[in-house]
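Asker: Supplied in structure tokens, the structure appears directly below.
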Amino acid sequence: MSLYRNPALRQLKDQQIKKLTKPLWQQSGYQKKQRCERCGFQSRIAQVFAVYVIDGNLRNTTPPNLRTVCANCQIVLSVSGEGWRRADLVSDF
């Protein structure tokens, strides 16, 4: 029987893949907040926010180096040159 035809094995594989594809900031235990840590904007909609590393090093996911940022501040950071980078983007090499 193929791995993909067995529902129990498929579920186990799916769980393993989810664990492997979890962003490093989540693996480090950081939890996204419902408030922008840059401007103070609050929302109950989690998709409005993203997690950024403030030193620009995507591998440095210690909680003091991570900040929850709203969509407006994300745009500002993309043009400001402050060096903050979105934490869930990881290079392939």
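Asker: Angle, helix 7-21 long axis vs. longest principal axis of the chain, Cα atoms, 0 to 90°, nearest 10?
Answerer: Taking the Cα atoms of the chain, the angle to 7-21 is about 30 degrees.
Asker: Once both labels are modelled 7 Å past Cα along the beta-carbon direction, what's the Asp14-Ile75 spacing in nm?
Answerer: Label at Asp14, label at Ile75, 3.7 nm between them.
Asker: Under a Cβ-Cβ cut-off of 15 Å, what is the net charge of the residues other than Gln31 that fall near it, where Lys and Arg count +1 and Asp and Glu count -1?
Answerer: Around Gln31, the surrounding residues sum to +4.
Asker: Label Asn6 and Cys39 with points 7 Å out from Cα along Cα→Cβ: what is the distance between them in nm?
Answerer: Distance between the two pseudo-spin positions: 5.2 nm.
Asker: Counting Lys +1, Arg +1, Asp -1, Glu -1, what net charge surrounds Gly40 among other residues with beta carbon under 13 Å of its beta carbon?
Answerer: Residues near Gly40 contribute +3 overall.
Asker: Continuing with this model, one more query. Considering only protein heavy atoms and a 1.4 Å probe, what is the carbon-and-sulfur percentage of the accessible area of the chain?
Answerer: C and S fraction of accessible area: 53 percent.
Asker: What is the angle, in °, between the Cα long axis of helix 71-80 and the longest principal axis of the Cα atoms in the chain? Nearest 10 is fine, range 0 to 90.
Answerer: 70
Asker: Would you kindly find the accessible area of Ile54, with a 1.4 Å probe and non-protein molecules such as ligands, DNA and RNA excluded, rounding to the nearest 10 Å²?
Answerer: Roll a 1.4 Å probe over it and Ile54 shows about 50 Å².
Asker: For the chain, with every protein chain kept in place, what is the accessible area per residue (1.4 Å probe, Å²)?
Answerer: Per residue, the chain has 73 Å² of solvent-accessible surface.
Asker: Continuing with this model, one more query. Please give every one of the aspartates and glutamates within straight-line cross-link reach of Lys22, meaning a C-alpha to C-alpha distance under 20 Å, and leave out same-chain neighbours fewer than 8 residues apart.
Answerer: Reachable aspartates and glutamates: Asp14, Asp88, Asp92.
The values are calculated or read from the model by the stated rules, or taken from the named source; none is laboratory data. Because the structure is predicted, anything quoted here is derived from the model rather than measured. Don't worry about glycine lacking a Cβ; one is built from the backbone with ideal geometry, like all the others, and counts go over all protein chains shown. What goes into the accessible areas is simple: the full protein's heavy atoms, side chains included, and nothing from ligands, DNA or RNA. Shrake-Rupley method; radii C 1.70, N 1.55, O 1.52, S 1.80 Å.
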